[in-house]
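A quick write-up on the structure given underneath.
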Amino acid sequence: MTWLEAPLNYWRSGGILLAPLSMVCFGIWFYFLRSRIHLMKETALATAAASALADDAAPAAGSLPQNLQSLCPYVARALAEDTPSAVQVFDEESARLVAGMRRDAGVLKALTIVAPLLGLLGTVVGMMATFDAVAGSDGDTARRVADGVSRALITTQVGLVIAIPGVFGQMHLRRLQRRFQVQLESLRLHVFEITVERLA
C-alpha cells in the first residue's frame, strides 16, 4: 500500500458526505484566517493612528497628521467633517467596519455548527446501511455491515475534527475583537477631544 492509498481508502469508507465536510473545513479555515488577518491589521492601524493623534498637536489647530489617511481612513473622514458631527461620523464609519467583521464571524460560527451536524447525518446514513445489510440475506452481509459502521464512525470523526478547531478559532477571534474595540474607544476619545478643542 502506497502513502496515497491509505487516505483514499479512508475517503471511500467515509462515503459521499466527506465531500461537503471538506468544503465546510475549507470555509472554516478561510473565514478564520481572513478574520484574523483583518482584525490584526485594523488593530495595528488603529493603535498607530491613536499614537499619531496623541503625539501630534496639529489636529486641534485644524490640520491632521500626514499619515492618518493611510492609517485609518474612517478617522480622517470623521475629522475632516464639520466639527460638531465628527464623533457621529466616526461612530457610523467604525460601526460599518465592525459589522463586516461580525458578518465574517457569523459565517464562521455557522460553519462550525454545520460540521458536526453533517457528521451526525453521516452516522445516520451509515447505520441505515448497516441495518439494511443485517436485514439482507445475501452472502455479502458481513462486508456491508462493516462498510456501514465504518461510514457512520468516519463521518462523525471528521465532523468533530473539523468543528473543534473552529470553536477555538472563534474564541481567539473574540479576544482579537475585544482588543480592537478597546482601540476604537481610544480613537473615539481622541476624536472627541479634538472636536472639543476645535470648538474652544
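The values are calculated or read from the model by the stated rules, or taken from the named source; none is laboratory data. Predicted, not measured: the structure shown is a model, and the values here were computed from it. Note that each Cβ is placed from the backbone with ideal geometry, even for glycine, and that neighbours are counted across all protein chains shown.
Structure data summary
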| quantity | calculated |
| --- | --- |
| Test: residue 118 is touching a Leu at 6+ places or on another chain (Cβ under 6 Å), buried (at least 17 other Cβ atoms within 10 Å of the Cβ) and at pLDDT 85 or above | yes |
| Conditions (1) surrounded by fewer than 16 Cβ atoms within 10 Å (Cβ to Cβ); (2) of a type in the set (S, T, N, Q); (3) over 23 Å from residue 30 (Cα atoms); number of the one not met by residue 157 | (3) |
| Condition met for residue 82 (modelled with pLDDT under 70, surrounded by 14 or more Cβ atoms within 10 Å (Cβ to Cβ) and out of contact with any helix residue (DSSP H, G or I) (no Cβ under 8 Å at 6 or more places or on another chain)) | no |
| All positions within region 11-39 that are of a type in the set (Ser, Thr, Tyr) and under 9 Å from the mean Cα position of the chain (by Cα) | 31, 35 |
| Residues satisfying the stated conditions in region 153-180, i.e. free of Cβ contacts under 8 Å to residues at least 24 places away in the same chain and among the β-branched types (Val, Ile, Thr) | 161, 164 |
| Filter result for residue 127 (modelled with pLDDT under 85, at negative phi and assigned to a helix (DSSP H, G or I)) | yes |
